[in-house]
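Taking it in order: structure first as structure tokens, then the write-up.
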Ligand SMILES: NC(=O)C1=CN([C@@H]2O[C@H](COP(=O)(O)OP(=O)(O)OC[C@H]3O[C@@H](n4cnc5c(N)ncnc54)[C@H](O)[C@@H]3O)[C@@H](O)[C@H]2O)C=CC1
Ligand SMILES: CCCCCC(=O)/C=C/[C@H]1C=CC(=O)[C@@H]1CCCCCCC(=O)O
């Protein structure tokens, strides 16, 4: 789970950096991170956790809300209509919400931190 989570952290910070307004202004290309929660796919149909982590994993997903891939697809269409570059979106139970940790500081906040 450590390597899995680390790879997700790498992808999310990579997309955040690539999608930074500085890069968007230069390229006009939006980069948006999509973070689905538990979804019925080939991956989740098979066992991916073993050993002493298995019981903990079962506890974590016991009350989780599952969704179908087409619900994720529909949410993605909506996200692409409204998402700013560099943002990340949680998709859970077919519903999308902006991941607050991915909101950038405003220009004013950056200036305040740098120069005041
Ligand atoms: N299913 C879930 O509950 C969640 C999945 N994710 C992530 O979403 C992504 C997709 O996951 P799923 O659709 O569930 O898995 P999946 O196993 O159903 O699909 C993965 C796809 O990636 C392709 N693939 C694998 N290695 C590849 C390679 N080297 N080059 C090109 N294509 C390759 C496979 O052929 C397959 O079509 C993964 O990164 C997974 O970690 C994230 C959160 C929840
Ligand atoms: C609230 C849950 C959010 C889930 C986000 C996520 O990416 C979870 C995916 C897991 C669901 C079923 C799985 O098979 C996925 C976990 C795979 C873990 C693989 C661990 C391998 C390792 O030890 O690094």
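The values are calculated or read from the model by the stated rules, or taken from the named source; none is laboratory data. Given the structure is predicted, the values throughout are model-derived calculations rather than measurements. Note: ideal-geometry Cβ built from the backbone for every residue, glycine included; neighbour counts use all protein chains shown.
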*What helices (runs of 4 or more DSSP H) lie completely within the chain and have 1 or more residues being touching a strand residue (DSSP E or B) at 6+ places or on another chain (Cβ under 7 Å), in contact (Cβ under 8 Å) with a residue 40 or more places away in the chain and surrounded by 11 or more Cβ atoms within 10 Å (Cβ to Cβ)?*
2-18, 69-82
*Consider residue 94 against the criteria (1) at positive phi; (2) within 16 Å of ligand 2 (Cβ to nearest atom); (3) modelled with pLDDT under 95: it satisfies all of them except one. Which criterion is unmet?*
(3)
